Amino acid sequence: MFHAVAAACCRLDDAGFVRLREGDAWHIEAGRGYYAVRNNSSVIAFRIGAKAYPAADGFHFKLTASHSDSPTFKVKAVPEIAGVGGSIRLNVEAYGGMIDYTWFDRPLSIAGRVLVRDGNRIESRLIAPDRDLLLIPSVAVHLDRGVNGGFAPNRQIDLCPLFSAGEFDLGAFDALVADEAGVAPEQVLARDLFLVNRQKPCVWGVADEFLSAPKLDDLACAYVSLAAFLGRENDSAISVWCCLDNEEVGSNTKQGAMSTFLPDVLTRVCAALGGADEDYRRALAKSMLVSCDNAHALHPSHPEKYDEGNRCVLNGGIVVKEAANQHYCTDAFSRAVFSALCADADVPVQTFANRSDTAGGSTLGNLSNIQASMHAIDVGLPQLAMHSSFETMGARDVLQSIRALEAFYAADLRIDGADAVAIG
């Protein structure tokens, strides 16, 4: 999540956006773009339309929100486990709900942030060694004859990756981390480091119809929403792009969707433009959020796991997700608006709903809406193997989803409560 946000910030910098520090006073101007970062793992960017404020009938926001984190394993504070034969394994714990067996027998590395002390200053530094450092080995089938009949690895025993077979003593991992950060081991005070799948992303298939990579959930949505945000200006609105951390563990953090980050940014934008609290409340009532988090594409071997009518396929276009229990924030109003925008732009739209006898997941849209309530819809790119260490989606869905979100950002929406909306 730290590297994802750093990469997004580079794109925003290249596009001329100005970084605003949360601890500084904000001075913003209509017609310009800005962004704020929290915890170095969440970022919110916004562009003030040249005619968005002041406006006779008030202003409004148009937002997309995705998340920067993905299921993986986090290295514990005491990182090494001494093993038999002089081996060393890393002591890790699960972050999010991954498919455990997909992490076995593949080259791994680490990535994240390290807090180091330099004199009287403590600094955060990113590290991501460009080397294969770790592997989680399977037990040979000869020693576990029942493995193909059912495999339920113990995360404390089976999923701690091998770091050394005897070449190093305890303390070698800390020395490696310090070297990557460019400091002495005693200068490293703390770290947030995670396992990284080293398999390279690829487009594959006879017709190049598939795209596979680690962390497609949800960096694919973060990418397409940022591309649309940067690709379409809207003079009549305040356009906002959010990429928030910790969705995979519930969003209940200072930088997650349940935090104050989004309302903090929106209220400060309003105040910096000279608006009062009344202006902010009016703006929310006229605003719309598109929550972007991937959807479950129809699995070719298991169609029985999907609702008969509300199912999506690879390369079929962006997916609108809906659930009666409101774990998705889509309702008839938001579906109608988004579907109309996509129809006008000649962009395909698919539908997803869980089987009525199956509990589905949730995402960040309804959680963000608790903090800053507005009309909202949940969408995503269809994908296979969600929460695997290596996921798959349709290559053509990338451009189709960018076009759908560009249509959203470009439209002039005039929302009148839940009664009507004019599309310009």
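Projected onto its three principal axes, the C-alpha set of the range 200-242 covers 44, 21, 12 Å, listed from the longest axis down.
Computed over protein heavy atoms with a 1.4 angstrom probe, the accessible surface ordering of LEU126, LEU170, largest first, is LEU170, LEU126. The convex hull defined by the C-alpha atoms of the range 287-403 has an orientation-averaged projected area of 7.6 nm². Against the longest alpha carbon principal axis of the chain, how many degrees, from 0 to 90 and to the nearest 10, is the axis of helix 172-181 turned? The answer is roughly 40 degrees. Counting Lys and Arg as +1 and Asp and Glu as -1 over every other residue whose Cβ lies under 12 Å from the Cβ of SER42, the net charge comes to -3. Taking one quarter of the surface of the C-alpha convex hull of the range 284-325 gives a mean projected area of 4.5 nm². Computed with a 1.4 Å probe over protein heavy atoms only, the accessible surface of the range 172-293 comes to 39 Å² per residue. Using bins of 10 Å that start at zero, the share of Cα-Cα pairs per bin across the range 1-125 amounts to 9, 27, 28, 19, 11, 4, 1, 0, in whole %. The alpha carbon radius of gyration of the range 54-164, expressed as a multiple of 2.2 N^0.38 Å, is 1.58. Solvent-accessible surface of the range 322-424, taken per residue with a 1.4 Å probe and all protein chains present: 40 Å². Highest mean packing first, where packing is the average number of other Cβ atoms within 10 Å per residue, the peptides 231-243, 150-162 line up as 231-243, 150-162. Sorting 315-327, 112-124 by average packing, meaning the other beta carbons within 10 Å per residue, from highest down gives 315-327, 112-124. Bridging of LYS200 to aspartates and glutamates at a Cα separation below 18 Å is possible for ASP105, ASP130, ASP132, ASP208, GLU209, ASP217, ASP218, GLU391, once same-chain residues fewer than 8 apart are set aside.
Once C-alpha pairs closer than 8 Å and six or more residues apart are averaged by separation and normalised to the residue number of the range 281-342, the relative contact order reads 20 percent. When peptides 261-267, 75-81, 98-104 are ranked by their average number of other Cβ atoms within 10 Å per residue, the highest-first order is 261-267, 98-104, 75-81.
Take every DSSP beta bridge whose two residues both sit in the chain, then give the antiparallel share in percent to the nearest 5. Bridges in the chain are about 70 percent antiparallel. Overall, the chain carries a charge dipole of about 320 debye about its Cα centre when +1 sits on the Cβ of Lys and Arg and -1 on the Cβ of Asp and Glu, all other atoms neutral. Select one label from (i) -0.60, -1.01, -1.28; (ii) -0.87, -1.16, -1.28; (iii) -0.48, -0.87, -1.15: the one whose number is log10 I(q)/I(0) by the Debye sum over Cα atoms at q = 0.08, 0.11, 0.13 Å⁻¹ as derived from the coordinates shown. Step by step, log10 I(q)/I(0) by the Debye sum over Cα atoms at q = 0.08, 0.11, 0.13 Å⁻¹ for this structure corresponds to label (iii).
Calculated translational diffusion coefficient of the range 229-306 (10 °C, 1.306 mPa s; Stokes-Einstein with Kirkwood radius over alpha-carbon pairs) equals 102 µm²/s. Pairs to check: LYS62/LYS215; LYS62/LYS254; LYS51/LYS254. Give those whose C-alpha atoms are more than 29 Å from each other in this structure. Listed pairs above 29 Å: LYS51/LYS254.
Percent of accessible area on the chain owned by carbon and sulfur, 1.4 Å probe? The value for the chain is 51 percent carbon and sulfur by accessible area. The C-alpha atoms of the chain define a longest principal axis, and helix 396-410 lies at about 40 degrees to it. ARG355 sits among other residues whose Cβ lies under 13 Å from its own Cβ, and their net charge, with Lys and Arg +1 and Asp and Glu -1, is -2. Each Cα pair under 8 Å and six or more residues apart adds its sequence gap; the mean of these over the residue count of the range 56-192 is a relative contact order of 30 percent.
Compute the Cα gyration tensor for the range 134-244, then decide on rounded, prolate or oblate, letting a ≥ b ≥ c be the square roots of its eigenvalues: rounded whenever a/c is under 1.5, prolate when a/b is larger than b/c in the other cases, and oblate in all that remain. Oblate. Only Cα pairs under 8 Å and 6+ residues apart enter the sum, and on that basis the relative contact order of the range 232-327 stands at 11 percent. The calculated 222 nm mean residue ellipticity attributable to helices in the chain amounts to -7000 deg cm²/dmol, summing -39500 (n - 2.57) over DSSP H runs of n ≥ 4 and dividing by all residues.
The values are calculated or read from the model by the stated rules, or taken from the named source; none is laboratory data. This structure is a prediction, so every number in the text was calculated from the model and none was measured. Methodologically, a virtual Cβ is constructed for each residue, glycine included, from the backbone with ideal geometry; neighbour enumeration extends over all protein chains shown. These area figures cover heavy atoms from the full protein model, side chains too; ligands, DNA and RNA do not enter into them. Shrake-Rupley method; radii C 1.70, N 1.55, O 1.52, S 1.80 Å.
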